1. At a probe size of 1.4 Å, how large is the accessible area of Ser58, to the nearest 10 Å²?
2. Just subtract the alpha-carbon distance of Arg16 and Gln92 from 0.36 nm times their residue separation and send over the number in nm, one decimal.
3. Pop out the ³J(HN,Hα) list for the range 4-20 in order, Karplus 6.51 cos²θ - 1.76 cosθ + 1.60 with θ = phi - 60°, rounded to Hz; leave Gly and Pro as x.
4. If Glu90, Glu106, Glu8 are ordered by their accessible area, calculated over protein heavy atoms with a 1.4 Å probe, which sequence runs from highest to lowest?
5. If I model a spin label as a point 7 Å beyond the Cα along the Cα-Cβ vector, how far apart are those points for Gln80 and Ala2 in nm?
6. Could you check the simple spin-label distance between Asp109 and Arg32, using points 7 Å along Cα→Cβ, in nm with one decimal?
7. Length gain on complete extension for the stretch Leu117 to Lys135, per 0.36 nm per residue less the alpha carbon to alpha carbon distance?
8. Check Ser24: other-chain or 5+ apart residues with amide H under 5 Å from its amide H, H built from backbone geometry?
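The values are calculated or read from the model by the stated rules, or taken from the named source; none is laboratory data. What you see is a predicted model, and the numbers here were worked out from it, not measured in a lab. Note that we place each Cβ from the backbone using ideal geometry, even for glycine, and neighbour counts take in every protein chain shown. All accessible areas refer to the heavy atoms of the entire protein, side chains included, with ligands and DNA or RNA removed. Shrake-Rupley method; radii C 1.70, N 1.55, O 1.52, S 1.80 Å.
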Amino acid sequence: MALTAVLEFGDNDIQRYTKRYLVSDYHLVFDRSYNDFAPEESARCERLEVVVVAPGRSDIGLFEWFSLQSIQDGRLVIGQNYDKVLNDDETQVIYFDEAQCFSLSECYDIGNQRRRLLKLGIVAQGMNIDGITYKCK
């Protein structure tokens, strides 16, 4: 079984999402200040790096998000298959609040000429992973 991930933008409070992008890869980068002997503070989520299958040429929402530096809320949903990923209880959900896109790059897969990918670097005010909230900024 393959994992499927979906990046959704909308309102986390009422669980209503208006935009959805299929994710091909993602990385969460955590960091913690420390001295010579022990950590000095709680861990924080430095950034979320997401690679999404690029939308059609008419959907420029991700490019606008990057260029305008607007703030969005949303979530990353990871599950076993695409049909059940949005409603299954066994999915992992990563919520992000007040997120900004600080980097965007476009990638083309040479082996598969129809595959166009966008790599996004996202920072947020906070991220909630399995009920644990991490401060990011």
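1. 110 Å²
2. In short, 25.6 nm is gained.
3. Calculated HN-Hα couplings, in order: 10, 10, 10, 9, 10, 10, x, 9, 6, 5, 9, 6, 10, 10, 9, 10, 9 Hz.
4. Order by accessible area, largest first: Glu90, Glu106, Glu8.
5. Calculated label separation equals 1.7 nm.
6. Going from the Asp109 label point to the Arg32 one covers 3.6 nm.
7. Computed gain between Leu117 and Lys135 is 3.7 nm.
8. The answer is Val51, Val52, Val53.
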